[in-house]
1. Given the residues Asp5, Asp26, which is the only one that is farther than 23 Å from Val239 by Cα and of a type outside the set (A, V, I, L, M, F, W, C)?
2. Go through the residues of segment 323-341 one by one and say whether even a single one is within 17 Å of the chain's Cα centre (by Cα) and either under 23 Å from Phe171 (Cβ atoms) or in contact (Cβ under 8 Å) with a residue 60 or more places away in the chain (or both).
3. State whether the residues of segment 8-15 include one that is among the small types (Gly, Ala, Ser), farther than 27 Å from Val239 by Cβ, out of contact with any strand residue (DSSP E or B) (no Cβ under 6 Å at 6 or more places or on another chain) and buried (at least 20 other Cβ atoms within 10 Å of the Cβ).
4. If Trp298 satisfies every condition in (1) assigned to a helix (DSSP H, G or I); (2) under 26 Å from the mean Cα position of the chain (by Cα); (3) of a type in the set (A, V, I, L, M, F, W, C) but one, which is the exception?
5. Can Ala110 be described as among the aliphatic types (A, V, I, L, M) and touching a residue at least 40 places away in the same chain (Cβ under 8 Å)?
6. Identify, by number, the condition in (1) surrounded by 18 or more Cβ atoms within 10 Å (Cβ to Cβ); (2) under 27 Å from Ile115 (Cα atoms) that Leu293 doesn't meet.
7. Collect the residues in segment 208-247 that are among the aromatic types (Phe, Trp, Tyr) and either within 15 Å of Thr170 (Cβ to Cβ) or touching a Gly at 6+ places or on another chain (Cβ under 8 Å) (or both), keeping them in residue-number order.
8. Would you point out the residue of segment 301-356, among those that are among the polar types (S, T, N, Q) and crowded, with 16+ Cβ neighbours inside 10 Å, that is farthest from Ile277 (Cα to Cα)?
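Readers should treat all values here as calculations from the given coordinates under stated rules, not as data from a laboratory. Predicted, not measured: the structure shown is a model, and the values here were computed from it. Cβ: placed from backbone, ideal geometry, glycine included. Neighbour counts: every protein chain shown.
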Amino acid sequence: MNNPDSSEVERLSEEGYGLLEVGRVDEARALLTRARELAPDNALVHYRLGLLFSDIDRLADALEALDISLSLQADNAHAHNNRGAALQRLGRLSEAEQAFRRSLDLSPDAPPPYINLGHLLEQQGRSREAVRLYEQAIARGLDAAVFSHHVAAATGQVTDRAPSNWVRATFDNFAPTFDSHLDGLRYEVPAQLVGLLSPRAGTLLDILDLGCGTGRCGLSLARQKRYLVGVDLSEKMLVQARLRGIYDELHLSEVHTWLRGVRPARFDLVIAADVLIYIGALEELFGEVARVLRVGGWFAFSIEEWVGSDYTLLHTGRYAQSQAYIGRLTESAFSTAVDQAAVIRMESGVPILGRLYVLQKH
């Protein structure tokens with residue numbers, strides 16, 4: 001016979017996890033904490049609390065919950081992987097490596113521990129080992145495009161664009177707590193771009209928000225919009241954007257693919273905050289943006305800055321472009337209203353340098 005509380009524990013656990021997935025962290029914590037009180041020996045409840053505490057940067061609490069979960073269910077590969085991630089963020093790198101390797105032993109066909117362990121090895125200057133690990137993932141039949149991107153970033157190769165699956169997985173993972181995470185990085189690019197645009201672009205604009213994410217740009221532009229369209233690769237990001245209630249349309253799509261289907265001269269403004277960092281070669285994007293903008297329309301975007309050739313692939317898997325490259329792309333269809341150096345965000349306490357642009361279509 002089932003424990004009389006087992007169905008209630010399962011309900012609380014499932015509902016709590018569902019709330020965590022859509023970013024309702026306080027409500028999720030209340031339900032999962034109650035489930036833990038009812039069933040302190042339930043490994044899944046402790047695991048889900050570990051995920052929640054990781055998402056809100058309570059890493060010591062996350063580690064405690066994951067340790068308890070693993071004491072109850074030692075063969076949970078996901079718990080070992082997430083325990084490794086918490087240990088890595090706490091700077092306990094040798095323990096993190098052990099956790100990631102245990103996760104791989106238990107689930108050798110799961111992509112996350114390959115990626116996490118690879119990044120850890122790169123962090124320690126062990127790039128050759130990381131590349132061998134990514135190649136092992138490819139040999140096992142895991143997403144070749146994604147792991148080839150990691151190989152390229154680790155070996156200094158330059159590619160034209162990040163694989164859609166890599167971008168999608170990155171942002172699906174961060175979606176529930178993305179805004180709070182960015183606040184911790186002092187990320188203000190959407191507000192900065194809108195601040196540069198507002199005195200120039202006016203109001204009642206038809207706006208396209210490329211790579212809209214959770215809708216931070218859309219929120220900043222709400223007073224200027226006549227019609228607001230958002231496009232993003234991550235379904236979970238679009239869930240968060242939809243909750244803001246400010247978009248007239250939201251589309252799940254890769255931006256180049258979506259732009260090709262848009263009629264000419266549909267928009268007064270195209271904005272792309274921290275989107276070009278996932279695209280190296282920008283010729284097609286600039287051409288499509290020029291096509292869908294009306295004459296006099298605006299294109300606002302940010303880049304990470306590269307001093308050198310047109311663009312490069314950084315070890316982070318992101319791209320950076322040179323000021324000269326952007327200048328050449330601008331010449332045929334745009335004039336430059338703003339070209340401004342900026343700190344795009346902080347990363348491990350280090351400022352990431354970039355540029356903010358506002359262009360106007362001829």
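1. Asp5
2. no
3. No.
4. (1)
5. The answer is no for Ala110.
6. That leaves (2) as the condition not met.
7. Passing the criteria: only Tyr247.
8. Thr330
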